[in-house]
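Report on one structure; see the data block that follows.
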Amino acid sequence: MKIREKRHPRWLKVPFPAGKNFDDIKKLIKQKNLHTVCQSAHCPNIGECWNNRTATFMILGDVCTRNCHFCAVPTGTQNAIVDEDEPARVAEAVQIMSLKYAVITSVTRDDLKDGGASIFAQTILEIRRKAPQCNIEVLIPDFLGDLTALQTVMNVKPNVINHNLETVPRLYKIARPQADYHRSLQVIKNVHLNNIYSKSGLMLGLGEHEEEVNDVMKNLREVGCDSLTLGQYLQPSTKHLPIASYITPDKFEEYKIQALKLGFKHVESGPLVRSSYHAADQFEDH
């Protein structure tokens, strides 16, 4: 007998992605031989964002050297191969899309000496050259705690630097075994100390407890984190971590109220929220 799959609650239903803008962005991404986290991470907001002519570009390839058990991005090795022309192509796409706000992220590249920091910096500089009207947010890996690599990105002054904690410390071993909670906090602290707007995010529904979420939010504020995103974890496949619980919209609102009380300048909190969801609004509010 076929086992019936568990259905998501109604608040997680989204329309099938379609529309002229969606098709235009899809063609442009293919034409420029680029990757987006919207596609690679199976983001539920791809239809909404692409129809609003926004996308989160993913640089340094589409294969991650880490094996986080919540993430849909393929994992493997890249043998230190880097596409040196990629920053220019990303900038061209930003220019064609007439973006006023661009989000750049990457796979984690532990195979590179600087973790890909120099490509982040080049991408930022290329966008500034070809689309000077565009504000830039980067969602970076931890660079294995290498401050010199982080400084390479900070030196070119993106408007926002985001680094996600993803989950509570207790769940790191099962969710992101190659990461370190305190190392990630240190990344955010260094961004804050360099007077760059800092941001982080959590997925909820992996088995965390409410007090643990509150403790993480406090930890983030202690290191100067400015902006926070909270969203529901959705299992990309049966090979990934199962959903431990569905967080209700009301509970997400409670977390938002608590986060704002702690002093975050902006909080996006809801079942479908992802790191770059309404990113431009978050920046404008600061």
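Structural remarks
- Looking only at segment 172-197, residues that are over 19 Å from A244 (Cβ atoms) and among the hydroxyl-bearing types (S, T, Y) come to 2 in all.
- Out of T123, T148, T152, one residue alone is among the hydroxyl-bearing types (S, T, Y), assigned to a helix (DSSP H, G or I), under 22 Å from S227 (Cβ atoms) and touching a helix residue (DSSP H, G or I) at 6+ places or on another chain (Cβ under 9 Å). It is T123.
Here is a yes/no grid of residues against (1) under 18 Å from V73 (Cα atoms); (2) surrounded by 23 or more Cβ atoms within 10 Å (Cβ to Cβ):
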| residue | (1), (2) |
| --- | --- |
| S106 | yes, yes |
| D110 | yes, no |
| A117 | no, yes |
| Q122 | no, no |
| L144 | no, no |
| L150 | no, yes |
| K157 | no, no |
| D180 | no, no |
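- When the residues of segment 76-90 are filtered to those that are of a type in the set (V, I, T) and assigned to a loop (DSSP other than H, G, I, E, B), the one that is surrounded by the most Cβ atoms within 10 Å (Cβ to Cβ) is V82.
Yes/no matrix, rows are residues, columns are (1) in contact (Cβ under 8 Å) with a residue 40 or more places away in the chain; (2) under 18 Å from K251 (Cα atoms); (3) part of a helix (DSSP H, G or I):
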{"residue": "V156", "(1), (2), (3)": "no, no, no"}
{"residue": "I161", "(1), (2), (3)": "no, no, no"}
{"residue": "K173", "(1), (2), (3)": "no, no, yes"}
{"residue": "I188", "(1), (2), (3)": "no, no, yes"}
{"residue": "K199", "(1), (2), (3)": "yes, no, no"}
{"residue": "K218", "(1), (2), (3)": "yes, yes, yes"}
{"residue": "G224", "(1), (2), (3)": "no, no, no"}
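Laboratory data are not the source of any read-out in this text; all were calculated from the coordinates shown. Predicted model only: the values in this text are computed from it and were never measured. Note that each Cβ is placed from the backbone with ideal geometry, even for glycine, and that neighbours are counted across all protein chains shown.
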